[in-house]
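> This structure is in structure tokens; I'll ask about it shortly.
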Amino acid sequence: MVDAEADVDIIEAVDDVDQPSPSQSSNSSDSPTVITTWDADTANALTLALPPSPDTGLSFNGAITMPMSMLPEQGHQSYELLSYYLSRTANSMGNGSTDVNPFIAKLIPLAFSKPLVLQLILAQSAAHRQASAERHPSDEIAQRYYTDSLRMFRNVVDEYVSGNAENTLVLTVGSLIMCLTEVAKGDIHGTIFDHLTASKSLVSTLLTGTQNMVYDDLPDFLTEYYMHIAATSMISIDPQYNSQSLLSPDIEVRARNLVARKYVGQLCGCWLEILILISQIFHLGQVMSSPTVDGEISPSPDNIVNFAFLQSQVMGFFPDPSVTPYTRLAGLVWKQAALLYLWTVLGKPHQQPEGSFQRALVESAVAEAVALLDQFPASVRINTSLCWPLAVIGCSTSDPSVQQVLRTRLQTMLDTIGLGNMRQTLVLLEHIWEQPPDQVSPWMLCRAMRERQIWISFA
């Protein structure tokens, strides 16, 4: 049964997507990369996806021969992009928190059975290559693959709307891939929010469908995928003028089940619980920003109780001891950022007098976050998941030394990992740091976006 609400969201999302804009270039072209060029995930995925063939093909690292017939008609160009995806893009999307990278182990086998998924992966690879220090001399290739992938996606949407529910999985995966493609591009037009709208309906439909169990643990990864993008995108939405939730009950229930199982992922690390709490903090901000009948905006008793509950939940979060050291440190950075996001819902910290309790708490959390960041390099893969906490920390401080720490870290992330939204995160923070300190807050980030006409997700 095809969901009518999902139909509308998907059609509107596809129709709202603009033509791609040229990616901005990076200032660095010779920075060393720490992303691995070959791993067991690649070999396992291709072994599963590709049957032995006596035909002459191109060899990956001399280990596996891949027949060109498995790729679209673009031939060698498509092969180059797939090779780039396997060696760079997949490892830039995943943060290294687990031994298996689902961007390879889950998506590559699916790509060789579903042409749309393969086309979207190639487009994502082209966008990432164009945004990184290894950019192609022309962005024509990236734009062409992006446009072709949108055309294919629209065709599959048409089939889905016509009643072909078998395309639910492909569309769900496709819409999520398109979200991170916008992240890789560093898109500043808010296109990711169109894809996110479609993804919400599709993920919900997939999780409640009768074939949910057939997909093994793929729905877990897709839930993580959606939660990561949704939670890191809410901060870009003005809570005063938008009452919608990016989470559906079905997605939230599945996410909480994953938390209960101590799920660790390549997008959410060990902090999936924090992502759920961020969505609740955003909802609190929506409620508190709505004026009462007399036009006043002040916390109600329910708001105060909810605030206290959320604070206790965030402060009670501690990474599981079994995770890697970098994942644990990143999880603690997310914890401090979530506390900053919560505490600043009460008001801008620098509008409070010196010695105020709120201001002291904010300054303490910023200092703790910086101390945690100092314990691991800005060049390691875990940093690919840190744009949101870095943005929140940057919006909570007026200290030039802290600002320089964040500036240097984001530039190093851009030089090594190469996702375009890292560049745009730094652009927005530079704009915020030019404002008077008493006007700075994570909850004012949406206003900074409006002023700069930059609409991004911090995924």
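Bear in mind these aren't lab numbers, they're just calculated from the coordinates by the rules spelled out. From a predicted model like this one, the values you see are computed outputs, not experimental measurements. Methodologically, a virtual Cβ is constructed for each residue, glycine included, from the backbone with ideal geometry; neighbour enumeration extends over all protein chains shown.
> Cβ neighbours within 10 Å, averaged per peptide: list 251-257, 192-198, 416-422, 357-363 in order, most packed at the top.
416-422, 192-198, 251-257, 357-363
> Short version: ³J(HN,Hα) in whole Hz for each residue of the range 272-278, in order, from phi by Karplus 6.51 cos²θ - 1.76 cosθ + 1.60 (θ = phi - 60°), x for Gly and Pro, what are they?
Whole-Hz 3J(HN,Hα) from phi for the range 272-278: 4, 4, 5, 4, 5, 5, 4.
> On to the next question. Ranked highest first by average number of other Cβ atoms within 10 Å, how do 227-237, 391-401 line up?
Highest mean packing first, the order is 227-237, 391-401.
> Once amide H atoms are built 1.01 Å from N in the peptide plane, which residues 5 or more positions from His189, or in another chain, come under 5 Å H to H?
Amide H neighbours of His189: Trp455.
> Please list log₁₀ I(q)/I(0) at q = 0.10, 0.14, 0.18 Å⁻¹ for the range 321-418, using the Debye equation with identical point scatterers on the alpha-carbon positions.
Log10 I(q)/I(0), no solvent term: -0.27, -0.51, -0.80.
> How much FRET efficiency would the formula 1/(1 + (r/R0)^6) give for Gln351 and Asn303, where r is the Cβ-Cβ distance and R0 is 22 Å, rounded to 0.05?
0.70
> Which order do the peptides 376-389, 442-455, 153-166 come out in when sorted by mean C-beta neighbours inside 10 angstrom, highest first?
376-389, 442-455, 153-166
> For a quick check: with amide H placed at 1.01 Å from N, whose amide H comes under 5 Å from Phe458's, ignoring anything fewer than 5 positions away on the same chain?
Ser233
> Now for a different question. Please list 3J(HN,Hα) in residue order for the range 180-192, calculated via the Karplus relation 6.51 cos²θ - 1.76 cosθ + 1.60 where θ = phi - 60°; whole Hz, with x for glycine and proline.
6, 5, 5, 5, 4, 5, x, 4, 10, 9, x, 4, 4
> Multiply the residue gap between Asn257 and Gln404 by 0.36 nm, knock off their C-alpha separation, and tell me the result in nm, one decimal place.
Additional length available on full extension: 49.0 nm.
> Related question: Distance between the C-alpha centers of the range 425-442 and the range 360-398? Whole Å please.
After rounding, the separation between the Cα centres reads 15 Å.
> Would you work out the relative contact order for the range 222-373, in percent, from Cα pairs under 8 angstrom that are 6 or more residues apart?
After rounding, I find 21 percent.
> If contacts are Cα pairs under 8 angstrom and at least 6 residues apart, what is the relative contact order of the range 368-459 in percent?
34
> Could you work out how much longer the chain between Arg154 and Gln358 gets when fully extended? Use 0.36 nm per residue separation minus the Cα distance between them, nm to one decimal.
Full-extension gain reported as 68.5 nm.
> Work out from phi, with θ = phi - 60° and the Karplus expression 6.51 cos²θ - 1.76 cosθ + 1.60, the ³J(HN,Hα) of each residue of the range 239-250, listed in order in whole Hz, and give x for Gly and Pro.
For the range 239-250, the Karplus curve yields x, 6, 10, 9, 9, 6, 10, 7, 9, 9, x, 5 Hz.
> Summing Lys, Arg as +1 and Asp, Glu as -1, what charge do residues with Cβ under 12 Å from the Cβ of Arg447 carry, Arg447 excluded?
So the surrounding residues net to +1.
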